[in-house]
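The values are calculated or read from the model by the stated rules, or taken from the named source; none is laboratory data. Quantities reported herein were computed from a predicted structural model and do not represent experimental measurements. We place every Cβ from the backbone using ideal geometry, glycine too, and count neighbours over all the protein chains shown. Heavy atoms of the whole protein, side chains included, go into the accessibility calculation; ligands, DNA and RNA do not. Shrake-Rupley method; radii C 1.70, N 1.55, O 1.52, S 1.80 Å.
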Amino acid sequence: MDQGHGQGRHRQGRHGQGQGQRPPGPPGLAPRTPDPDARWLAAVMHTAFYLLLGASLARFLLRHPGGARVPWIIALSVVLAVLYALPLLGNRSAPRSPGGPAPGTRRTSRTPRRLSWLALVVAVWLVLVILAPSFGWCAVPLFFTGMRMLPLRAALVLVAVLTGCVVASQLRLAGRYDPDLILGPPAVSAIATAVFAYMQRQAARQRELIDDLIRTRRELAATERREGTLAERQRISMEIHDTLAQGLSSQQMLLQAADRVWDTDPAKARAHVRTAESITERGLAEARRFVHDLAPADLADGGGLDEALRTLAARTAQDAGLAVRFHSEGTPAPLPDQTRSALLRIAQGALANVTEHAFATTAALTLTHLDDQVVLDVADDGRGFTPAQQPPASDRRGHGLPAIRARARQLGGTLTIESTPGEGTVLSVSIPLTPQESP
């Protein structure tokens, strides 16, 4: 196997993909982003109000130049403009217009202060309408303000009152009875109110659907985590059964046999005891190895993942007589404890497979730190196998490929295997740095 060439080719493909695409975010409840349509409608309402206010003031000044009411009208117009702008100036970054949340958002602003603000705006407008009927059409933006702030019934009452004031002001301006002026404003306000109420209900239904979808994704993620936990428990129970439990059972049978022949055949009894002692020694070694795998000592000592993998490579080379190299690429970034532990366990399992099944002479560990993920490559020059099939030998240490794949899946990662019989194996595990819960 041309190990350097094969490993480099594999890393280039995997890392290019990692840099181009960020893994999907965790399936959690994210804060709602501001609705651009709500901002657009709020801007239209602001602009319409000030245009109507300015047009009404200009009409009054043109029709009544130098009148006694002019200073009062100008002063009240300025007061109304300032009052209407207060919520906008106080909360410019919020996705809502003055007087309440924008359409499609929850009513979160029904506080006494804002209700008092709305009552004051309506009161100033009513005084203006009484003094100058030209300001009647400024009520249209106030329809939407009331619909955003108030419950539906209270908003309908406010719309009815404002509509009545508009009809009265238009009749005063006309100076005569006109059916259009009596029926037109109520019809327009009814249509506007119905459309706005429909929009709010549609937005509420969409929010419910989105909340249900997010809740389902969280439940699915929790189910997958539980399944991963159960799979890990099953793996641990199988390893305990295959090592400690089997050894204890053998010891019990040997000691019972020694007890039965202790008086009649002391030599055979002592042989049984010596065999039980040997099994105890092997069981103790297995127990220590098992505890070491459950709680990685290299990480517990405070060392980083790079140092732990470098120590693992040196220890494997010493114990198995295998040339193992470690290499780190990229700028190391702080990793969660769960990610560091999982990568170290994956490296332990992969090297155990190499030493027991691959018949390799060299192996290489490569840890690559990317912006959005961390990648662990384990390459060897062994006999290889066909990835679609099971490895040629069973893994009695519990570090098989299913366990490695399960560890990677628990963290939202992926396992990729490139191997050909007679040309070695490259195992690559990619773990995203973005939490998958989230947890």
Next on the checklist: Between the range 320-365 and the range 177-234, how far is it from one alpha carbon centroid to the other, in angstrom?
Outcome noted: 49 Å
Next on the checklist: Residues of the range 272-287 with backbone nitrogen within less than 16 Å of a virtual label 7 Å along the Cα-to-Cβ line of L255, please, listed as ranges.
Outcome noted: 272-284
Checklist entry - Relative to the present Cα-Cα distance, how much length would full extension add between Q246 and Y50 at 0.36 nm per residue of separation? => result 62.0 nm
Checklist entry - How much FRET efficiency would the formula 1/(1 + (r/R0)^6) give for D178 and I130, where r is the Cβ-Cβ distance and R0 is 35 Å, rounded to 0.05? => result 0.95
Item to check | Fraction of accessible area attributable to carbon and sulfur, the range 45-89 (%, probe 1.4 Å) | outcome: 79 percent
Checklist entry - Simple spin-label model, 7 Å along Cα-to-Cβ: A123 to R215 in nm? => result 4.2 nm
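Rolling a 1.4 Å sphere over the protein heavy atoms, what is the accessible area per residue of the range 139-232, to the nearest Å²?
Values: 5540 Å² over 94 residues.
Heavy-atom accessible area per residue stands at 59 Å².
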Checklist entry - Within the accessible area of the range 149-273, what % is carbon and sulfur when the probe is 1.4 Å and the other protein chains stay in place? => result 62 percent
Next on the checklist: Tell me which of Q246, G184, G228 sits at the most positive position along the dipole axis of the range 130-254, charges placed on C-beta atoms (Lys, Arg +1; Asp, Glu -1).
Outcome noted: G184
Item to check | Debye intensity ratio in log₁₀ form over the Cα atoms of the range 132-235, taken at each q of 0.14, 0.21 Å⁻¹ | outcome: -0.67, -1.03
Checklist entry - Hey, can you rank 134-144, 203-213 by average C-beta count inside 10 Å, highest first? => result 134-144, 203-213
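Leaving ligands, DNA and RNA out of it, report the carbon-plus-sulfur percent of the accessible area of the range 320-388 at a 1.4 Å probe.
Values: 1390 of 2650 Å².
In the range 320-388, the share of accessible area belonging to carbon and sulfur is 52 percent.
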